[in-house]
Amino acid sequence: MLDDRARLLLKTLVERYIAEGQPVGSRTLSRVAGLELSPATIRNVMADLEEIGLLFAPHTSAGRLPTDLGLRLFVDGLMELGGLTNEEREAIDGQCNASGRSLPEVLEQATAMLSGLSRAAGLVVAPKSDRALKHIEFVHLSPGRALVVLVTEGGMVENRLINVPLGLPLSTLVEATNYLSARLVGRTIGMARDSILEELTSHRAELDSLTRKVVETGLATWSDGERAEGALIVRGQSHLLDDVQEAADLERLRSLFTALETKEQLLKLLEAADHAEGVQIFIGAESNLFGLAGCSAVISPYRDSNRQLVGAVGVIGPSRLNYARIIPMVDYTAKVIGRILG
C-alpha cells in the first residue's frame with residue numbers, strides 16, 4: 001500500500017534504471033520526478049521502499065536499484081505500456097509473412113527480428129512435428145542418398161536425408177511417394193504408421209522389395225523425429241553480454257543457456273505458455289530458470305485457429321528490459337505467427 005508520492009518515486013527510479021542500468025540517487029530523483037521535494041525527503045521515502053523490499057543499495061554510498069519485487073510492482077501496476085510504431089509492425093509483418101518460406105524459416109526470422117528490435121535475446125519454441133501432413137515426396141540426391149520432404153497442414157516443411165540402395169531407379173522413389181501420399185495425407189504419421197507397417201508386413205501392399213525398403217526407411221526416420229517435443233531457437237545471445245560486469249555473471253549466463261537446451265526446461269516453457277492467454281513475464285528470481293542468470297523474460301504463446309497451443313515466442317534479457325516496449329512487440333509477433341498457422 002504505497003501513497004502517491006512513493007509510487008511516483010518508485011516508477012521514476014525504475015524507468016531511470018531501465019534507461020541507464022545504474023543505481024539512482026536522491027538528487028537525480030529530485031530533478032526528474034516532478035516533485036518539489038528535497039533530496040533528504042526523497043532519501044527517507046527511498047529508505048521506506050527499501051525496508052519493504054522494493055529497493056536495495058548495491059553499495060553503502062550508492063543510489064538504489066529495484067529488487068525483483070520492485071520490478072514486478074512496476075510492471076503490474078505502475079508501467080505505462082507503449083505501443084508499436086508503424087515501422088516495428090511492418091518489420092514484424094515483413095519477417096513473418098514473407099512468401100515462399102517454410103514455417104521453420106519464419107520462426108528463425110522471427111527470433112532474429114525480436115532480438116534485433118529488443119536488443120536482447122529472442123527465443124521461439126518451435127511446434128511439435130505431429131501435425132497432419134499435406135505433402136510427401138522422395139527426391140533423389142546422389143547414389144545411395146535421397147531427401148524426404150514433408151509438408152504439414154500448418155505449413156511446416158521438414159527435410160530428412162535417408163540412405164537408399166545403390167542404383168535405385170527413380171521410378172522406385174515415385175512409387176514410394178505415391179504409396180505414402182495415399183495413406184498419409186490428411187493424417188499424422190503417428191495415426192497411420194501402425195496400419196502402414198502392418199500392411200507392409202502382411203504383403204498386402206503391391207510393392208516390390210526395393211520400394212518397400214524405401215518406405216520402411218522413411219517411416220523409421222520420421223518416427224524418430226515425431227517423438228521430439230519441439231525445438232528451441234535462440235538468437236542474439238551476445239546482447240546479454242552487454243550487462244556482464246564480472247566473470248560470475250558470464251558463468252550464470254552459460255548456465256541459463258545450458259538449461260534452456262534441455263528438454264525439461266523446454267517443456268516447462270511450453271507449460272507456462274499454455275496457462276497464459278497472453279504475454280507472461282518472468283522477472284529474475286521469480287523463475288528458477290531465468291533467475292539463474294538474473295535475467296527476465298517476456299513470453300507469449302502462439303496458437304492455431306482451434307486455439308490449440310503450438311509454441312511460444314519471446315525475449316530474454318537483463319532485469320532492466322524495456323518491458324513497456326517489448327511486451328506489445330512479443331504479443332504482436334505471437335499473434336502474427338498464429339495467423340500464419342491458420
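Placing dummy labels 7 Å off each Cα toward the beta-carbon, the span from ASP208 to SER238 is 5.4 nm. Between THR201 and LEU147, the modelled labels are 3.4 nm apart [label points 7 Å from Cα along Cα→Cβ].
Counting only other residues whose beta carbon sits under 13 Å from that of LEU8, what net charge do I get with K and R as +1, D and E as -1? Intermediate values should be presented prior to the final figure.
Values: positive: ARG5, ARG7, LYS11, ARG16; negative: ASP3, ASP4, GLU15, GLU36, GLU80.
Combined, the nearby Lys, Arg, Asp and Glu give -1.
What is the gain in length, in nm to one decimal, between ASP4 and ARG89 on full extension, counting 0.36 nm per residue of separation less the C-alpha to C-alpha distance?
On the way: separation 85, 0.36 × 85 = 30.60 nm, distance 3.49 nm.
Full-extension gain reported as 27.1 nm.
Taking 0.36 nm per residue of sequence separation and removing the Cα-Cα distance, the ASN288/VAL139 pair yields an extension gain of 49.1 nm.
Just so you know, all these numbers are worked out from the coordinates, no wet-lab data involved. Please read all numbers here as calculations on a predicted model, not as lab measurements. Methodologically, a virtual Cβ is constructed for each residue, glycine included, from the backbone with ideal geometry; neighbour enumeration extends over all protein chains shown.
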